[in-house]
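Okay, so here's the structure we're looking at.
The values are calculated or read from the model by the stated rules, or taken from the named source; none is laboratory data. Note that the structure is predicted; figures quoted are calculated from it, not measured. Quick reminder, even Gly has a Cβ in these numbers, built from the backbone with ideal geometry, and neighbours come from all protein chains shown. Keep in mind that these areas ignore ligands, DNA and RNA; they rest on the heavy atoms of the full protein, side chains included. Shrake-Rupley method; radii C 1.70, N 1.55, O 1.52, S 1.80 Å.
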Amino acid sequence: MNFITVPLEQIILYLYKIIGNFGLSIIGITILIKLLLLPLTLKQDKSMRAMKKIQPEIDKIKEKYKNDKQLLNEKTMELYQKYKVNPAAGCLPMLVQLPVLWALFAVLRKAPVDGGIVPIESTFLWLTLIKPDPLYILPVLNGLVAFAQQKIMGSDSNPHMKSMMYMFPIMMVFISYKMPAGLQIYWLTSSAAGILQQYYVMKRGDEA
């Protein structure tokens, strides 16, 4: 993990020298990461649109071969190949972000006496960056933004995804409320930027 943690620390320190606040530096590096991942995000959007387009055919195959799992899988793969759809493409941005999330957690967890770059007293607004949000505002905001993302993606129109539209935001609140505030800032900024990106790619798709 050092191959990610060390460059991450250096970039945060570089931004800190310019901005003068570690909280704003985390926001800055989050936006930078989102820009770097934009090509993958566009690929994700293309895959999601293709999956949505062929969903009726997938449902027909599921109904026709519901008693033959092997044939069901074969026919589904043939459909993916026919339309050149890669279901895994939609997960790429999230998978790429996970190592960054773990690395940032390691950066915030490491005490300054052990070589950590973020001082114990570093603050941003009402937050102490290496401690959880005492007012639980960030976890709630993370849940609300996660709900907004699911809504924009149209999860409420898909019966298979509708439950996730409500479960995922609740999970986000539960998972993040004990995270260091700096990590919650990263996740909230990343999610908010993701909504803007989603709006952009949807508008781009409507104009295409």
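Note on segment 54-165: enclosed helices (runs of 4 or more DSSP H) holding 3 or more residues that are modelled with pLDDT of 80 or more and open to solvent by 60 Å² or more (accessible area, probe 1.4 Å) are 69-83, 137-152. Restricting attention to segment 2-39, the residues being assigned to a helix (DSSP H, G or I) and buried (at least 17 other Cβ atoms within 10 Å of the Cβ) number 16. In segment 43-53, what residues are over 14 Å from the mean Cα position of the chain (by Cα) and open to solvent by less than 70 Å² (accessible area, probe 1.4 Å)? Result: S47, M48, A50, M51. When residues in segment 177-208 are screened for being at pLDDT below 85, part of a helix (DSSP H, G or I), more than 18 Å from K34 (Cβ to Cβ) and not charged (D, E, K, R), 1 of them pass. In summary, P169 fulfils each of the numbered conditions (1) buried (at least 20 other Cβ atoms within 10 Å of the Cβ); (2) modelled with pLDDT under 85; (3) farther than 30 Å from P56 by Cα with the single exception of condition (3).
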